Amino acid sequence: MRVLILSDGKAGHVNQSIAFAKLKNLEFDIIEVKNNLKLLTYILDLFHISINLFSLHVSKSNYKAIVSTGSATYYANKYLAKKLGVKSIALMLPRGFRYSDFDYIFGQSHDNPPKEKNIIEIPINFSFTTPKGYLQKSEKQSLGIILGGDNKVFKMQEDTIKKHLDNIFETYPDHLKYITTSRRTPKEVEKLLEDYAFDYKLIYSQEPTINPIGDFLKICEVLFISIDSTSMLSEAKANSEASLHIIDLVAKETDTKYHKIAKNILTLEGKFDYMPYLQKVTL
């Protein structure tokens with residue numbers, strides 16, 4: 001079976017849709033929705049007006065569903081599903097849109113989704129990771145460190161990361177130590193990493209085309225991930241049996257969705273199993 005994925009151009013969103021398709025063993029095509037009219041989509045949806053606002057032309061009629069993640073895609077998702085007579089699936093709670101038009105909505109627990117027949121509450125995001133072969137399993141145990149960076153809630157400070165790294169090197173003296181940064185990692189933190197003897201180090205700003213996270217998840221027995229990286233926390237819990245530790249950061253607010261996601265993930269034991277949730281979707 002094949003589904004059509006609508007992308008808003010954000011990797012963190014479209015990767016969830018791809019993960020859903022792969023976990024469900026579905027073939028898929030992807031088209032991008034360039035939405036500069038988000039406010040209008042909310043208004044049209046409110047008044048039950050369904051039009052081809054983004055000039056989407058889908059010639060195939062063998063799709064079983066339209067799948068998308070992110071508010072920029074939801075109006076187009078509804079329109080195409082109705083036009084093609086197929087299921088409409090949203091992978092994050094589509095706030096601001098009428099929920100009743102979707103056949104299935106996966107609402108993450110931290111969003112406190114309402115109890116509706118078409119809403120499936122799930123504790124983490126969808127994730128499907130494939131190792132790239134940058135690292136191989138060693139006879140020695142290994143640990144991976146995944147650093148995000150600044151966002152609207154957290155500030156990644158050099159002294160905070162130094163304290164965590166010092167503790168890691170002291171606590172795990174015999175482990176191989178791998179680290180990767182992200183596009184949001186501050187320059188001063190990247191500079192700090194030069195002071196430590198990592199067995200593998202990937203600085204995103206220097207090599208943005210390389211992503212070793214899949215390899216970390218496959219071979220590491222221990223993982224440390226900064227709390228701002230909610231997608232990475234979900235990815236680790238869904239794709240690894242490793243012992244997971246969260247690197248806390250200085251926060252401008254408390255009890256945010258980031259804190260809730262981190263708390264939820266730490267309550268889950270072992271590798272997360274999506275199947276009980278996926279089985280609720282019939283195509």
Which of Leu84, Leu46, Leu202, Leu192 has the fewest Cβ neighbours within 10 Å, and the rest in rising order: Leu46, Leu192, Leu84, Leu202
On Cα atoms only, tilt of 158-171 relative to the major axis of the chain in degrees: 70 degrees
Amide hydrogen neighbours beyond the local backbone of Ile179, cut-off 5 Å, H modeled: Ile145, Tyr200, Lys201, Leu202
At 1.306 mPa s and 10 °C, Stokes D of the stretch 142-267 from Kirkwood alpha-carbon radius, µm² per second: 109 µm²/s
Rounded to 10°, Cα long-axis angle of helix 71-84 versus longest principal axis of the chain: 40 degrees
Phe198 versus Asp273: modelled label distance in nm, points set 7 Å from Cα along the beta carbon direction: 3.5 nm
Placed amide H near Met92: partners under 5 Å, 5+ positions off or other chain: Gly70, Phe106
Nonlocal amide H pairs with Ile247, under 5 Å, H built at 1.01 Å: Ile225, Ser226, Ile227
Distance histogram in 5 Å bins (all Cα pairs of the chain, percent per bin): 1, 5, 12, 15, 16, 15, 12, 10, 7, 4, 2, 1, 0
Ranked list, fewest to most other Cβ atoms within 10 Å of each Cβ, for Asp45, Asp150, Asp166: Asp166, Asp150, Asp45
Calculated over the stretch 208-255: convex hull of Cα atoms, volume per residue (Å³): 93 Å³
Footprinting exposure proxy for Ile265, Ile146 (fewest neighbouring C-beta atoms within 10 Å first): Ile265, Ile146
Projected-area average for the stretch 2-123 over all orientations - Cα convex hull basis, square nanometres: 7.1 nm²
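Quick note: the coordinates plus some simple rules give every number you see, no bench work behind them. None of these values were measured; they are calculated from a predicted model. Quick reminder, even Gly has a Cβ in these numbers, built from the backbone with ideal geometry, and neighbours come from all protein chains shown.
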